[in-house]
Structure formats: C-alpha cells, structure tokens
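The structure appears right after this line, and notes come after that.
The values are calculated or read from the model by the stated rules, or taken from the named source; none is laboratory data. These numbers were taken from a predicted model, which means no experiment stands behind them. Cβ placement follows ideal geometry from the backbone for every residue including glycine, while neighbour counts extend to all protein chains displayed.
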Amino acid sequence: MGKVYLVGAGPGDPGLMTLKGKGLLECADVVIYDALVSPAILAMINPQAEQINAGKRMGRHSLLQEETTHLLIEKAQDRAIVVRLKGGDPFIFGRGGEEMVDLVKAGISVEVVPGITSGIAAPAYAGIPLTHRLHSSSVTFVTGHESAGKYRPQVNWQAIAHGSETIVIYMGIHNLPYIVEQLSTAGLSLETPIALVRWGTRPEQEELIGELGTIVEQVEKTGFEAPAIAVIGQVVNMHSILSECRPV
Ligand SMILES: C[S@@+](CC[C@H](N)C(=O)[O-])C[C@H]1O[C@@H](n2cnc3c(N)ncnc32)[C@H](O)[C@@H]1O
C-alpha cells in the first residue's frame, strides 16, 4: 500500500509552492491534479510520474468527487507516492477534508501538505493587506458559490456583513449581483470599497477596484471573469498605495 499526499499547489506563482510540496511532486509516482493548478507548478512534476487531470477527463468537465476518491484509493493500492494536487490550500474550499475522510475510511494512509490559499495571496499581490491596525482587525473567508447550500446551510450574508471588517469571497464572480444585494440589504454601505483579483500571483493577474454599489456594472462593462477573489472592506483602499510594489 502506498500513501496519498493532499498537496496545496498555492495560487499560481511557482515561488509560492512549499518546499515539502515541491519535494513530493519531484518523487511522485502518480499526480492527480485539479483545473486551477498553474502550468508552472505542473512543470515541477517528476517526468516519469503518471499525471491525471481530474479537472478534465474523458471529454467531461470534471471527475465526480466519488470518481476522484475511487481513483486515489486504486492508485494507492499499487503505487508508493500518490499526490493529490489542489490549487491554493487543500482544506480551503478545496474539498480536501472530504477526500481525506474518505481515504481514512478506506484504510489508506494520507497526509496533508498545506498550501498558500488564493484568498490571502491574490489580495497580497494586488497590494491589499487583509488586516491593518487602522482599518481592519478581522477577516472572514466565505464561498460565493451558492450550490454549497445543497450540502450544508446556505451562506448567512446577514451575519457575514456584520461579522468582520474584511470579507474575502471565493467563487463569487457569477453570483456577484446576488451577493452585493444580500450585503447591502444587510446594511453594508454601497460605498464600501471592493476589489476583484483574477488569476492572482500569475503573470496574467487582473484587478477591478470599485465600490459595492457599482461593481456589478463595472464587471459587466469590462467583461471581468472568474477565477477571482473578491475583497470587501476599507483595506481595499491600500491598493492605491501598495499596488506599485507588486512582486515581479
Ligand atoms: C474551488 S475554490 C479553490 C480554492 C483553493 N483551494 C485555494 O485555497 O485558493 C476556486 C476559487 O478559488 C479562487 N482562486 C483560486 N486560484 C485563484 C487565483 N490564482 N486568483 C484568484 N482567485 C483564485 C477563485 O475564487 C476560484 O473560483
């Protein structure tokens, strides 16, 4: 029996991959990776390793969660090092927890290697610190993907609006009109600063900076698309000062 490593690939910049994760990619026998893992990270994989794209296979959009788990169990039965490579951090909106529980239940040895999540890295590369002593002493990470409600209680936007000074939303672009409406109904000012950061930390990174009341119109006008992180709160104003210092 081999071992499965749930490895966080980070947000895209290969320099943000952990040393432990890189070492595992270099000696893996099999790597099963997700759609958002950047080409620069995939280039680190042992050339002899079997590589399986779980984000696109057999002409289908993606493997079902059960199919991925089944594949991991099957590979761990005759390969020593099986890497399950996920964008960002495996446990942050990455289903890593679900996969790990299924593997433990199947009697497979498994370990997690955390990665830098896009919710932290994308704002950082855009010049937005999520906390700042003058502007924010609390952060909430939330999914904007409402189908999450199929599996557990829906996002309580009323609570999110008042829960912390910075709100970081993953998978929120498609539902942005709904999210904005929910947050403003909950009492968040339409003048609250908001930033959208697409492909954060990658060379193709793009940003859209605005206010809650007008951001949906800006998205429509510019054709801004996912994948992106949304940051809401006064810390977004730091972008005008710090975006000049972006990593190169
Ligand atoms: C299924 S979640 C996976 C999150 C991932 N586990 C993480 O920790 O970053 C996918 C969402 O993460 C965000 N995301 C992932 N990589 C990103 C990047 N490089 N730039 C901006 N957003 C990103 C987007 O909101 C995207 O829709």
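With respect to (1) modelled with pLDDT of 95 or more; (2) loosely packed, with under 15 Cβ neighbours inside 10 Å; (3) not aromatic (Phe, Trp, Tyr), the lone exception for LEU64 is condition (1).
Against the numbered list (1) modelled with pLDDT under 95; (2) more than 9 Å from the ligand (Cβ to nearest atom), ILE209 comes up short only at (1).
Under 6 Å by Cβ, and 6 or more places apart or on different chains, what pairs join a residue from region 180-207 that is assigned by TED's automatic domain parsing to the domain that holds THR166 with one that is away from the ligand (no atom under 16 Å from the Cβ) and part of a strand (DSSP E or B)? Cβ pairs passing all conditions: GLU191/GLU211; ILE194/GLY210. The set of residues in region 22-56 that are hydroxyl-bearing (Ser, Thr, Tyr) and under 15 Å from LEU6 (Cα atoms) contains only TYR33.
For region 219-230, the condition of being in a strand (DSSP E or B) and touching a Leu at 6+ places or on another chain (Cβ under 7 Å) holds for at least one residue.
Here MET58 meets each of (1) at pLDDT 95 or above; (2) away from the ligand (no atom under 15 Å from the Cβ) with one exception, condition (1).
Out of region 78-97, which residues are within 8 Å of the ligand (Cβ to nearest atom) and touching a Phe, Trp or Tyr at 6+ places or on another chain (Cβ under 8 Å)? Hits for region 78-97 are LYS86, ILE92, PHE93.
Report whether or not THR201 is of a type in the set (Ser, Thr, Tyr), farther than 16 Å from HIS145 by Cβ and within 16 Å of the ligand (Cβ to nearest atom). Taking the combined requirement at face value, the residue satisfies it.
Yes/no per residue for (1) closer than 14 Å to ARG95 by Cα; (2) at pLDDT 95 or above:
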{"position": "GLY8", "(1), (2)": "yes, yes"}
{"position": "MET17", "(1), (2)": "no, yes"}
{"position": "LYS22", "(1), (2)": "no, yes"}
{"position": "MET44", "(1), (2)": "no, yes"}
{"position": "ALA54", "(1), (2)": "yes, no"}
{"position": "THR68", "(1), (2)": "yes, no"}
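The residues of region 113-125 that are within 12 Å of the ligand (Cβ to nearest atom) and over 11 Å from the mean Cα position of the chain (by Cα), listed by number, are PRO114, PRO123, ALA124, TYR125.
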